[in-house]
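Asker: First the structure, which I've put down as structure tokens, then a few questions once you've had a look.
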Amino acid sequence: MAKITFITQDDENIVLEADSGSVMALAVENGVSGIDGDCGGVCSCATCHVHVNPDQVSQTGEASEIEKDMLELDDNANEYSRLCCQIEISEKLDGLILTVAN
Amino acid sequence: MNKSDLNDPFEQARVEQGFAQVSDQDDPVTMVLRLKDVRKCAHNTKTFSSEDVPGRIVVPSEVNIRTTRQIPFEVDPPMHKGYRALLDPWFKRPLEDEYKAKLNAQIDELVDAVINGEPVEVIEQFSLVLQSRALTLLLNTPFEDSDLWISWGTHVFRSEGEALDGDKAQILYDYIDAEIERAIANPSDDLYSVLLAAEVDGKKLTKEEVKGVIVLTFSGGRDTVINAVSNTIAYFAEHPESLQRLRDEPEIRGRAIEEFIRYFSPLTHMGRVVTEDTQVCEHAAKADTRISLCWASANRDASVFETPNEVVLDRKMNPHVGFGFGHHNCLGATHARQILSTLINVLCDKVQTIDLLDTEDNIEEWDEFKRKVGYHRLNVRFNPK
Ligand code: HEM
Ligand code: HEM
Ligand code: FES
């Protein structure tokens with residue numbers, strides 16, 4: 001089981017738990033505002049953009065080339081950006097803190 | 001080649017040069033063909049603007065047949081942002097349960113009406129009807145309005161043998177003018193009334209602005225949806241195993257929809273006007289000329305998509321631009337995705353196989369590039385489960 005915290009743009013903290021699936025799906029199922037997941041997770045829409053807490057980047061790993069290319073043109077992107085449909089939930093993510101970018 | 005295959009006429013030009021020059025009336029267009037370049041140009045709205053004379057970013061150019069600015073389509077940031085902020089929540093309504101239920105009922109009834117062992121001409125008898133009825137949900141207008149829209153046929157803007165017909169486009173403008181007057185006299189909870197009461201950046205929308213939004217929902221959501229639906233039916237007709245797979249594995253239906261949008265790319269390209277001398281793929285693009293962002297070509301870019309010319313129903317990484325990219329990404333995408341999702345659910349539920357009887361392709365021509373976008377005629381038979 002992994003416990004993941006989402007911090008939305010209006011500073012709401014939402015703590016969710018799951019053991020599988022994508023982080024995007026978890027956020028959408030629980031109505032985290034700012035994560036729409038329009039494309040269902042195939043890396044085409046960038047409506048699942050989060051900033052990973054800088055201390056925890058090793059937990060999520062790096063974005064793939066394709067994901068980086070998407071993020072490169074996103075005005076809110078920084079070095080901690082990820083499209084969270086590309087992050088699979090596992091034990092490894094326990095305690096992760098994500099800030100919703102939009 | 002199967003009848004339901006859609007070719008990629010841009011491959012050689014995309015690989016060799018990355019762009020292609022095509023003619024259009026007296027205003028040629030440099031098509032941008034690679035995925036990365038298409039995204040970059042879409043993102044750079046300062047250099048590649050949507051906000052020139054109304055109609056100029058459409059290819060073929062419509063500057064001679066209309067003066068109404070389409071909103072938010074022909075507005076650049078920062079103004080664009082205010083309009084989208086107003087429109088986005090309304091165009092997300094297809095995610096609501098009540099909307100989904102109504103759409104499901106519409107498509108269910110339509111499919112029931114065509115599973116009768118008789119040949120069905122899909123474009124006129126199915127896709128146009130489906131698209132028009134579903135549009136009443138998006139605009140929140142009476143279901144009966146769709147009868148009139150269906151009677152306009154697939155070519156609202158076009159007469160036989162003529163690509164652009166100002167008189168025909170006028171039918172739609174006159175209709176929308178009358179609807180706006182109706183909504184002013186009797187406000188309701190339809191999109192007309194919502195827009196007439198709305199403000200953007202502290203200013204009420206004018207009638208001309210309301211018209212600019214509404215005409216776009218009619219034109220942008222018509223051929224695109226009709227082509228997406230028709231191509232999907234033709235694909236299932238030739239690939240019964242795919243329909244069966246989606247029946248057995250409902251969890252991949254979402255991916256299949258994105259893959260259909262990538263492969264079919266119902267909107268081939270859309271133009272931009274260059275605002276300052278610049279370069280596209282090391283090719284000079286001069287101020288006041290046009291480029292186009294070729295979504296259809298970008299979606300077959302082998303440097304990004306493995307086996308780009310194959311439909312891979314459960315394609316996992318699929319960064320397609322079928323609904324555009326960046327600021328102007330498709331406002332109707334939620335509605336379009338909901339239509340395809342509902343259609344697939346109903347077909348899986350009720351239809352065993354589809355026989356492809358005969359077809360006449362609808363082929364767009366941009367000089368030497370001939371791209372099939374769908375069908376003029378698509379006769380099939382639906383076989384019940
Ligand atoms: C499968 C169906 C559809 C496809 C493939 C599609 C494709 C696209 C694409 C590629 C763009 C980007 C244009 C650009 O960047 O210049 C776009 C924009 C747009 N589409 Fe769609 N579309 C579809 C359905 C619809 C529907 C159903 C509607 C509404 C009823 C609609 C309304 C719009 C509008 C208003 C824009 C302009 C958005 C803006 O400028 O901010 N589309 N569409
Ligand atoms: C008032 C606005 C518009 C008018 C008057 C208009 C007019 C036309 C005309 C005349 C054609 C036929 C072209 C030909 O056969 O050569 C056409 C095709 C098409 N239009 Fe538009 N258009 C408008 C806006 C849009 C927008 C905003 C989109 C998408 C975002 C769009 C998508 C398409 C597509 C995909 C086709 C190809 C359909 C096919 O050939 O099957 N249109 N339009
Ligand atoms: S959900 Fe579309 S890119 Fe992540």
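The values are calculated or read from the model by the stated rules, or taken from the named source; none is laboratory data. Note that the coordinates shown come from a computational prediction; the quantities given were computed from them, not determined experimentally. Cβ sites come from the backbone with ideal geometry, for glycine too, and all protein chains shown count toward neighbours. With ligands, DNA and RNA removed, areas are computed over all heavy atoms of the protein, side chains included. Shrake-Rupley method; radii C 1.70, N 1.55, O 1.52, S 1.80 Å.
Asker: Taking the range B:264-303, which residues are open to solvent by 50 Å² or more (accessible area, probe 1.4 Å), part of a strand (DSSP E or B) and small (Gly, Ala, Ser)?
Answerer: Result: B:Ala284, single match.
Asker: From the residues in the range B:319-344 that are away from ligand 2 (no atom under 15 Å from the Cβ) and polar (S, T, N, Q), which one is farthest from the other protein chains (Cβ to nearest Cβ)?
Answerer: B:Thr342
Asker: Looking at B:Phe19, is it within 14 Å of chain A (Cβ to nearest Cβ), of a type in the set (Phe, Trp, Tyr) and away from ligand 2 (no atom under 13 Å from the Cβ)? Spell out the reasoning first.
Answerer: Details: within 14 Å of chain A (Cβ to nearest Cβ): no; of a type in the set (Phe, Trp, Tyr): yes; away from ligand 2 (no atom under 13 Å from the Cβ): yes.
No; evaluated as a whole, the condition is false for this residue.
Asker: For the range B:243-256, enumerate the residues that are open to solvent by 10 Å² or more (accessible area, probe 1.4 Å) and within 14 Å of chain A (Cβ to nearest Cβ).
Answerer: Hits for the range B:243-256 are B:Pro250, B:Glu251, B:Ile252, B:Arg253, B:Gly254, B:Arg255.
Asker: Looking at (1) crowded, with 18+ Cβ neighbours inside 10 Å; (2) under 30 Å from B:Ile344 (Cβ atoms), can you tell me which one B:Pro240 breaks?
Answerer: Status for B:Pro240: all satisfied but (1).
Asker: I'd like to verify a number: residues in the range A:29-38 that are open to solvent by less than 60 Å² (accessible area, probe 1.4 Å), within 16 Å of ligand 1 (Cβ to nearest atom) and either more than 7 Å from chain B (Cβ to nearest Cβ) or touching a residue at least 40 places away in the same chain (Cβ under 8 Å) (or both), how many?
Answerer: Residues in the range A:29-38 being open to solvent by less than 60 Å² (accessible area, probe 1.4 Å), within 16 Å of ligand 1 (Cβ to nearest atom) and either more than 7 Å from chain B (Cβ to nearest Cβ) or touching a residue at least 40 places away in the same chain (Cβ under 8 Å) (or both): 0 in total.
Asker: Right, here's the next one. Inspect all residues belonging to the range B:71-81 and state whether any of them is open to solvent by 10 Å² or more (accessible area, probe 1.4 Å), in contact with a strand residue (DSSP E or B) (Cβ under 8 Å, 6 or more places away or on another chain) and away from chain A (no Cβ under 14 Å).
Answerer: Yes, the range B:71-81 has at least one match.
Asker: Of the numbered conditions (1) loosely packed, with under 13 Cβ neighbours inside 10 Å; (2) within 13 Å of another protein chain (Cβ to nearest Cβ), A:Met1 fails exactly one; give the number of that condition.
Answerer: (2)
Asker: Continuing with the same structure: Go through the range B:12-41 and count every residue that is away from ligand 3 (no atom under 16 Å from the Cβ), touching a Gly at 6+ places or on another chain (Cβ under 8 Å) and not in a strand (DSSP E or B).
Answerer: The qualifying residues number 3.
Asker: Being over 12 Å from the mean Cα position of the chain (by Cα) and within 20 Å of B:Cys330 (Cβ to Cβ) is the filter; apply it to the range A:44-68 and report the residue that is surrounded by the fewest Cβ atoms within 10 Å (Cβ to Cβ).
Answerer: A:Cys45
Asker: I'd like the full set of residues that are within 11 Å of ligand 2 (Cβ to nearest atom) and out of contact with any Gly (no Cβ under 9 Å at 6 or more places or on another chain), limited to the range B:345-372. Write out each step before concluding.
Answerer: First, the residues of the range B:345-372 that are within 11 Å of ligand 2 (Cβ to nearest atom): B:361-366, B:371-372.
Within the range B:345-372, B:Ile363, B:Glu364, B:Glu365, B:Trp366, B:Arg371, B:Lys372 meet the criteria.
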